[in-house]
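Below is one structure, written out as C-alpha cells; comments come after it.
The values are calculated or read from the model by the stated rules, or taken from the named source; none is laboratory data. This structure is a prediction, so every number in the text was calculated from the model and none was measured. Ideal geometry is used to build each Cβ from the backbone, glycine not excepted, and the neighbour counts take in all protein chains shown. Ligands, DNA and RNA are stripped out before the accessible areas are found, and what is left, the full protein with its side chains, is counted by its heavy atoms. Shrake-Rupley method; radii C 1.70, N 1.55, O 1.52, S 1.80 Å.
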Amino acid sequence: MNQTLRAKYGIAGLLGLFLFSTELALPQDQAGNSVEPVRKAYRTVRAGDPAPVIDGRIDEACWDRASWESGFIQRDPYEGREPSEQTSFKILYDDKSIYIGIRAHDSRPDSIEKRLSRRDNAGGDTVTIGFDSLYDRLTAFVFSVNAAGVKSDQLLVNNGQSNGDEEDMSWDPIWDTAVSSDSQGWTAEMCIPFSQLRYGVKDDQVWGLQVRRFLFRANETSDWQLIPRNAPGFVHLFGDLRGLEDLASPRQVEIMPYAVGSLLSARSVPGNPFATGHDQTLMGGLDGKIGLTSDLTMNFTVNPDFGQVEADPSVVNLTAYETFYQEKRPFFVEGRNIFDYQVMGGDGDFADDNLFYSRRIGRYPQLSPAVDGYMEMPAATTILGAFKLTGKTKSGFSIGVLNSVTARERAATFSAGAEGNAVVEPLTNYFALRAQKDWNGGATVLGAMVTAVNRERDGGAYDALHRAAYSGGIDFSHSWGNRNYYLSFKAVTSHVQGTSESILGTQISPVHYFQRPDAGYLSVDPGRMSLSGTGGSFEIGKQGGGRWMYVAGVTWRSPELELNDMGYLRQTDVLMSYLWAGYRITEPFGPFRSFNVNVNGWTGYNFGGENIFKGGNVNFNLNLKNYWFVGFGYNPQGSVLSSSALRGGPSLFWPSGDSAWLFVQTDSRKKVRFSLSGNAVHRGGRDMTSWGLTPSLTVIPGPAFNVSLSPSYSKTHTILQYVGTRAFGNETRYIFGTIDQETLALTLRLTYCLSPDLTIQYYGMPFVSAGAYRDFKRILNSRAKNDNDRYRLYGSEAVFNPTSSSYQVDENRDGVVDYSFGAPDFNFRQFRSNLVLRWEYIPGSALYVVWSQGRTGFLPTGAFDFGRDLQGLFDTHPENVFLVKFSYCFQL
C-alpha cells in the first residue's frame, strides 16, 4: 500500500508530470460507447537566423514567425471546463533544435508558486511538453520546468498505462530552459536539441504533441489536447505537431570522463592489517552516449563509480527470502523500463519477480571462504564495463541490449602471520536482450527477452556457483474497444548449469526447498548438473472507458524455475489466480474531488494441488475538496500452508487472520504538511499480531529549503519464529520461539537549493530493532490446526548456558546434552547518512562533493530502549567516507 501511495502521490507527482497519470477516461457518445476526442494539430515553422536566446522572455523577433496556440481545457478537478487561467504556446525549430515558448497567464502573479529543488523534483507552478517523435503512439519524450526554473524530464513508454514502471524519471537529456515573470504571469522558454530525441528520417515529419499546465494554488491541471482521466492510456491520445521539414538524422556523441578521489576514516583494530583506520583512493572512468542511427542509442560505462548514490535503507529480515532493494545507480536506473520483465504486474509478494534485476551486476561477493585470521572482503564486485544499446524503428520494432563484465574478486587474508587472498567472485559476463514489435498504433505488442550469465571456470574455486544461467520470456498484449479492454500473456523459462554442488545448492535453497518431506512430487537429486523451469501469467480485463474496471488473471512459478543469477525470484512451486474490480468517480461530488474503491480476491496452490493460501481485500482512496487524501483498506486472509517457515522442513499451518491499513495526507500545496500511515495484522487467536505507524512531517520554510522528517515504529508478536534445525538421532527437530520485536527508525531529509543547478541534500536514518525470544518449542505436527498438536514447549529439558550463550537440550532427560541452539535475541543498531553537494556547472557536467557516514552495532540482547539504544548507536565508532567526483561532458 505505502509503495503505491508514494508512487502516486509522491514528489514526482508534482512535476507537471501529472501529465502522465494512468487513470484516464474517454468521452462517450449518445449510446454510451467510448469515443476518442478530436485530435488537435499545431503547425510549427523554422526559426530563421538568429535562433531564440533562451532567457525565458519570448521576445526575440524570430518568435513572431510562429502563431500562438491556446484553447487549453481543464482536466482536473473539473474535466472539460475552462481553466482558471489561460495558457498559450509557440514552437519553432532549426536544423539543430526545437524551441518552445509557453505563456502561463495569471491574474494573480504574486501568487505564482516558485519552488527551487533538484532536477526531477520540481514543485509549484509547472508547464510540461511531451513529444511522441517516433509517432508510434506509445513513446513520449517529456520536458517540464517550474516557475523557479527547475527542470524535469522523463521518458514515457508503453503508452503510460501501467503502474509507474513506464515512466523513466532517470532519463536526463541535455537541454536548456529559462523562465521569467511579469505582470501577466510567467513565461518559459525551452531549447531541446534534436540529438536528444529519436525520430525516423522523413521529408515531412509528424509528431505527437501534448502541452500541460499545473496551477499549484488550485491544484488544477489543464491540457492543450484534453486526455480524459479514465482513458486507457495516454500517448495514443496526443495531438499532432506538423511542419517539421527536412530534418537531418539526429547525431549524438557525448563522452563524459570523470575522476574520483575518496578518503575513508574508521576505527583501527590492533593486529588487523586491513583495519588501519584510514584509506584513500584515486580512480577514474568514462561514461558515454552515442547515437548510432536515428533509431539506436548506445550508452556505455568503463570502470563506473556510484559513490554519490544514497545508501539502502536499514532492515532486519527474519524470513527465509532475500530482501529486494531498489536500484539507485544512475547507469542502471536510466532506461530500466526497457529491460523490465515482470513475470506478473501489480503489487504483492510476486510483483518483484523479474527476468532482470540489475542489482545482480556489481553485487556483494557471493563466496565466503573460511579464514583463521583476518579477512578484508570487497564491498562490491567491480564492474569493469557495461553498455546498453536501445532504440525503436519507425516500423514499430524496439530493441534493448545490455552487456556487462564484472571482475574476478579476491578477499585479502592475514593468517598465521602471512598475507594471502581467497577467491570470492569469478569473472562474470551478464547479457540481456529485449525485443518488441507493435502493430495498430501500439494496440498489439509481441515481445521476447533473453538473459545469460556466464562465469569463468577455475578448478573447484567456483563450484558453489552456477557456471551458466539462462532465462527467456515471450509476451503478448492486445487491446481493443478504443483500448478499453485488454489481454496480456507472458511465459518465461530458465535453465541453469553447473557442478552437482551448485545445482544441489539451488534445489535446497529457500526459493525451492525440494527437500520438503511432505512434497512428494519433488525430490532432491544430488547428482544433477542442470535445472530447468517455467513460469508466466495471463490477464484479461477492462482498463478504461468508464467508471468500472476489472481484471482476472493467473500466474505460476514451477518448482524448478530459477532466475536469481540475473533476475529476482522470491518463491517457486505456486500457481495463483486472482480477480480485481474497481469503481472510480473522477468528477468532484459532495466532499470529494475524486473517489476510488476496489475489491479483489486471490487463491494459491502448489504443484501438488494443495491450496496454500487465499485472501482478499477492499480498498478506498478518497481525494477530498480540501485537498486532503485519505486511503484505507481491510484484508481478510485465509489459512496458510507456509513452505518456507521450517526452512526445508514440512509446510507449516498458519490460521486465518486479517489486516487493515490507513493513510492520511494533508493538503500537499501547503508549506507545512503531514501524513500518517498505519497498518495492523492479526492471525489466529494469539499466533501473530503486528502493528506499525509512520507519521511524516514536511516543512518548506522558504522556496529553496525543504525538510522532511518521517519516524516509523512497529511492534510484532509471533509465537512461531524459526530458530534452527537440529538432528536428534534419526529425527529432525525444528526449533521455534515466541518473539516480541520492536523496531524504530527515523528518516530525515534536508534539501537546500542555491540554484536549479546547485543543491545540497542530506539523508540520515538511525535504525534500531530488537527481538526478544522466549517460550522455545519444537514442532510436532506442522500441519496440525490445534496449537497443542502443532508444537510442544520445551520445559526443564532446555537449559540456558551463559558461558556459551546457548540453550542446551537434554530431550530424553538422560543427563546428556542431545543438541543445543544459540540464544537468538538481538539488538541491531544502524545509522546511515549521506550529505551531497551537486553542481551541474554546465548541462551534462557535474561536480559532486559527498560525505557518507555509517555506524553499525549489535548486542545479543532483545531489550528495546530507544533512549539507551540511540545513545549506544552514536557511541559506536563511525566509518566516514569523503568523496569528490568531477565529470565533464564533451559533445562531439
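Data for the structure
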| item | result |
| --- | --- |
| Pairs with Cβ under 7 Å, 6+ apart, first in the range 331-346 and more than 13 Å from Ser170 (Cβ to Cβ), second open to solvent by less than 20 Å² (accessible area, probe 1.4 Å) and among the polar types (S, T, N, Q) | Tyr341/Asn354; Gln342/Asn354; Val343/Asn354; Val343/Ser537; Val343/Thr555; Met344/Ser537; Met344/Thr555 |
| Output for the range 98-108, where each listed residue is touching a Ser or Thr at 6+ places or on another chain (Cβ under 7 Å) and open to solvent by 50 Å² or more (accessible area, probe 1.4 Å) | His105 |
| Failed criterion for Val816 (all others in (1) surrounded by fewer than 17 Cβ atoms within 10 Å (Cβ to Cβ); (2) in contact (Cβ under 8 Å) with a residue 12 or more places away in the chain hold) | (2) |
| Filter result (of a type in the set (S, T, N, Q) and open to solvent by 10 Å² or more (accessible area, probe 1.4 Å)) within the range 206-219 | Asn219 |
| Identity of the residue in the range 359-394, open to solvent by less than 50 Å² (accessible area, probe 1.4 Å), under 24 Å from the mean Cα position of the chain (by Cα) and polar (S, T, N, Q), that ends up modelled with the lowest pLDDT | Thr390 |
| Single unsatisfied condition, Phe387 versus (1) in a loop (DSSP other than H, G, I, E, B); (2) among the hydrophobic types (A, V, I, L, M, F, W, C); (3) in contact (Cβ under 8 Å) with a residue 12 or more places away in the chain | (1) |
| Selection within the range 151-170 - open to solvent by less than 20 Å² (accessible area, probe 1.4 Å) and modelled with pLDDT of 85 or more | Ser152, Asp153, Gln154, Leu156 |
| Count - residues of the range 330-381 that are touching an Asp or Glu at 6+ places or on another chain (Cβ under 9 Å) and part of a helix (DSSP H, G or I) | 9 |
| Search result, residues across the range 734-762 that are buried (at least 19 other Cβ atoms within 10 Å of the Cβ) and aromatic (Phe, Trp, Tyr) | Tyr734, Phe736 |
| Hits in the range 119-145 (condition: open to solvent by 10 Å² or more (accessible area, probe 1.4 Å), within 15 Å of Asp172 (Cα to Cα) and touching an Asp or Glu at 6+ places or on another chain (Cβ under 9 Å)) | Arg119, Asp120, Phe141 |
| Selection within the range 539-587 - under 30 Å from Leu465 (Cα atoms), outside any strand (DSSP E or B), open to solvent by 40 Å² or more (accessible area, probe 1.4 Å) and touching a Ser or Thr at 6+ places or on another chain (Cβ under 9 Å) | Glu560 |
| Residue within the range 245-256 that is aliphatic (A, V, I, L, M), farther than 21 Å from Glu376 by Cα, at pLDDT 95 or above and open to solvent by less than 30 Å² (accessible area, probe 1.4 Å) present | no |
| Considering residues of the range 60-80 that are part of a loop (DSSP other than H, G, I, E, B) and hydrophobic (A, V, I, L, M, F, W, C) only, the residue farthest from Ser222 (Cα to Cα) | Ala66 |
| Flag for Ser222 being open to solvent by 10 Å² or more (accessible area, probe 1.4 Å) and more than 19 Å from Leu155 (Cβ to Cβ) | no |
| The range 871-892 - residue that is touching a Lys or Arg at 6+ places or on another chain (Cβ under 8 Å) and open to solvent by less than 70 Å² (accessible area, probe 1.4 Å) and, of those, nearest to Ala259 (Cα to Cα) | Pro878 |
| Residue ID - nearest to Ser523 (Cα to Cα), chosen from residues in the range 454-501 that are polar (S, T, N, Q) and surrounded by fewer than 21 Cβ atoms within 10 Å (Cβ to Cβ) | Ser500 |
| Residue tally, condition surrounded by fewer than 19 Cβ atoms within 10 Å (Cβ to Cβ) and within 42 Å of the chain's Cα centre (by Cα), over the range 798-813 | 2 |
| Matching strands (runs of 3 or more DSSP E) fully within the range 781-823 where at least 1 residues are of a type in the set (S, T, N, Q) | 798-801, 806-809, 819-822 |
| Strands (runs of 3 or more DSSP E) within the range 395-503 that include 1 or more residues modelled with pLDDT under 95, out of contact with any strand residue (DSSP E or B) (no Cβ under 8 Å at 6 or more places or on another chain) and over 26 Å from Arg137 (Cα atoms) | 418-425 |
| The range 209-230: number of residues that are of a type outside the set (S, T, N, Q) and not in a strand (DSSP E or B) | 8 |
| Index of the failed condition, Gln280 passing every other in (1) open to solvent by less than 50 Å² (accessible area, probe 1.4 Å); (2) out of contact with any helix residue (DSSP H, G or I) (no Cβ under 7 Å at 6 or more places or on another chain); (3) in a strand (DSSP E or B) | (1) |
| Elements of type strands (runs of 3 or more DSSP E) contained in the range 637-741, each with 2 or more residues being more than 22 Å from Asn317 (Cα to Cα) | 657-665, 672-683, 688-702, 705-728 |
| Test for Ala645: is it among the aliphatic types (A, V, I, L, M), open to solvent by less than 30 Å² (accessible area, probe 1.4 Å) and either closer than 28 Å to Arg584 by Cα or in contact (Cβ under 8 Å) with a residue 24 or more places away in the chain (or both) | yes |
| Matching residues, the range 324-344, being open to solvent by 30 Å² or more (accessible area, probe 1.4 Å), touching a strand residue (DSSP E or B) at 6+ places or on another chain (Cβ under 9 Å) and within 24 Å of Ser644 (Cβ to Cβ) | Phe324 |
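Okay, residues lined up against (1) in a strand (DSSP E or B); (2) open to solvent by 60 Å² or more (accessible area, probe 1.4 Å); (3) within 24 Å of Leu446 (Cα to Cα); (4) touching a strand residue (DSSP E or B) at 6+ places or on another chain (Cβ under 6 Å):
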{"position": "Gly505", "(1), (2), (3), (4)": "no, no, no, no"}
{"position": "Gln515", "(1), (2), (3), (4)": "no, yes, no, no"}
{"position": "Ala519", "(1), (2), (3), (4)": "no, no, no, no"}
{"position": "Arg528", "(1), (2), (3), (4)": "no, yes, no, no"}
{"position": "Ser537", "(1), (2), (3), (4)": "yes, no, yes, yes"}
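The rows are residues; the columns are (1) under 30 Å from Thr725 (Cα atoms); (2) touching a Pro at 6+ places or on another chain (Cβ under 7 Å); (3) surrounded by 15 or more Cβ atoms within 10 Å (Cβ to Cβ); (4) in contact (Cβ under 8 Å) with a residue 12 or more places away in the chain.
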position: Leu286; (1), (2), (3), (4): no, yes, yes, yes
position: Leu292; (1), (2), (3), (4): no, no, no, yes
position: Met298; (1), (2), (3), (4): no, no, yes, yes
position: Thr301; (1), (2), (3), (4): no, no, yes, yes
position: Val309; (1), (2), (3), (4): no, no, yes, yes
position: Val316; (1), (2), (3), (4): yes, no, yes, yes
position: Thr319; (1), (2), (3), (4): yes, no, no, yes
position: Glu322; (1), (2), (3), (4): yes, no, yes, yes
